[in-house]
Amino acid sequence: MNSLYDAMIAGTGKYVPKEIRDNHYFTERMDTSDEWITTRTGMKYRHIAAPGEASSDMALEAAKKALDAARMNANDLDMVVVGTISPDHMFPSTGCMLLKKLGIKDIPAFDLSAGCTGLIYALTVGAQFVMNGKAKNVLVIGVEILSRLINWQDRGTAILFGDGAGAVILSIAKNVSISKLIDTDLTADGTHAELLMQKAGGSKYPATEETVRNSEHTVYMEGNKIFKFAVRSMYDSCHKILKRNNIDISKIDWLIPHQANYRIIESLGKKLGIHTNRVIVTIDKYANTSSSTVPIALDDAIRSKKIRRGDLVLLVAFGAGLTSGSVLFRY
Amino acid sequence: MDVFKTVKELIVEELSVDEGQVTMEAKFIDDLGADSLNMVELMMAIEKAFESFNIEISDEEAAEMTTVGDVVKYIKEKIE
């Protein structure tokens, strides 16, 4: 990429709420089974935010860990970008709430809505400021409390989602550094926007008694149609970014795909021709936490010493919009 | 080209069943143990295998195909 500076990942952090919901929670309440959920999704557990716990609270915990890992404090930050579809409020942004909780001000902070691709979009945006020399350190967050946007009567979606936050600190890479962001790829296709959405609550369909009664404030998803898009769009993005940089898939040390469904991850891995032991999977522990699956999985893999400095890592996601994208970097 | 043979190979691979089970009459869900995601995966594999014929199976069309024979017939019509 043509830029003044290189950006690198200086530190990561994650936070998941204390309450854990296993598959039996659902088998006791609806017509489903542990076996059905596991074979269809790969999910075993999901973490659920406590009453009163906000997205910005969870983002703060993840941010603190990322700052520690990067050996920085909040005053070193020049910008905050939050990828989320479950912000504290419609406005102001969760980014501004987070600034307040971090005890800092007078830097730009905002949210970005790209569905489950939120972290990939936020990383890409944050990286531009670092690479252009406009910011030295950018805090990038993926955070979601989807448990509050779920129709708990809907067997098709209730089992799929969990809550969590992941944080990544992007910094200017020193010239000698092996760690650096290599390339990013983003795209979107609005023609299938209706396949995955929270219909009401925005300005088009503001909350009324009727929208609440019809469960239009919860996640609506046509899973089978999304499945196809998911595999194809993530494959296309990986293929494009690898080709553009002349890197063969065999050179990728770690692939971190969005954790929406294990079967999607499996299909993608097969199509890409990457060995399963090179693919980071956390879906069994956390389920689909939307924009936070990728940074949570990244942090998990770094803290468990799977991913080490110098490793070549490919992040890829798809989400509501429909959006998709990837980030290629050397950690 | 032997459409049935190609489709059979894809089904054996995607659904992990024995070749012998894959007859024209076999029903995907009842006889071959497929679930809805297997069906999406299978349709994607078929589109890939018959890439040169530009076959794009819509979700509505896929929903109509319940037996192996339905799929073979659909592909034959498309490529002829």
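Things worth noting here:
- DSSP-defined antiparallel bridges as percent of all bridges, the protein assembly as shown, nearest 5: 75 percent
- Footprinting exposure proxy ranking of A:Trp36, A:Trp152, A:Trp254, fewest other C-beta atoms within 10 angstrom first, gives A:Trp152, A:Trp36, A:Trp254.
- Taken over the alpha carbons of the protein assembly as shown as equal point scatterers, the Debye sum produces base-10 log I(q)/I(0) values at 0.08, 0.10 Å⁻¹ of -0.45, -0.69.
- Peptide B:33-42, shielding by other chains (average Cβ, 10 Å cutoff): 4
- Seen through its C-alpha gyration tensor, with square-root eigenvalues sorted a ≥ b ≥ c, the range A:6-173 comes out prolate because a/c lies at 1.5 or above while a/b is bigger than b/c.
- Placing pseudo-labels 7 Å out from each Cα toward the beta carbon at A:Ile249 and A:Lys105 gives an inter-label distance of 5.1 nm.
- Here the Karplus curve 6.51 cos²θ - 1.76 cosθ + 1.60, taken at θ = phi - 60°, turns the phi angles of the range A:159-173 into couplings of 6, 7, 10, x, 10, x, 9, x, 10, 9, 9, 9, 9, 5, 8 Hz, with x standing for Gly and Pro.
- The slack in the chain from A:Trp152 to A:Phe91, taken as 0.36 nm per residue of separation less the alpha-carbon distance, amounts to 19.4 nm.
- Two-site label geometry, B:Glu51 and A:Arg309: point separation in nm, points 7 Å out along Cα→Cβ: 4.1 nm
- Taking only Cα atoms of the range A:180-330, radius of gyration then Dmax in Å: 16.9, 55
- Those residues of the range A:288-305 whose amide nitrogen sits under 13 Å from the label point placed on A:Asp68, 7 Å along Cα→Cβ: A:303
- Only alpha carbons enter this Debye calculation for chain B, each as an equal point scatterer, and the log10 of I(q)/I(0) it gives at q = 0.14, 0.19, 0.22 Å⁻¹ is -0.38, -0.73, -1.02.
- The overall shape of the range A:262-305, judged from the alpha-carbon gyration tensor, is oblate: a/c is not under 1.5, and a/b is no greater than b/c.
- Inter-centroid distance (Cα atoms) of the range A:227-277 relative to the range A:1-57, Å: 21 Å
- In this simple spin-label model, placing a label point 7 Å from the Cα along the Cα-to-Cβ direction at both A:Asp189 and A:Glu19 gives a separation of 3.8 nm.
- Partners for A:Lys174 among lysines (Cα-Cα distance below 22 Å; same-chain residues under 8 apart left out): A:Lys134, A:Lys136
- Folded to 0 to 90 degrees: helix B:3-15 orientation relative to chain B principal axis, Cα: 50 degrees
- Within straight-line reach of A:Lys243, meaning a Cα separation under 19 Å, sit the following aspartates and glutamates at least 8 residues removed in sequence or on another chain: A:Asp183, A:Asp185, A:Asp253, A:Asp311.
Coordinate-derived values only; no laboratory data. Not measured: the values here are computed from a predicted model. Cβ atoms come from the backbone with ideal geometry, glycine included; neighbour counts cover every protein chain shown.
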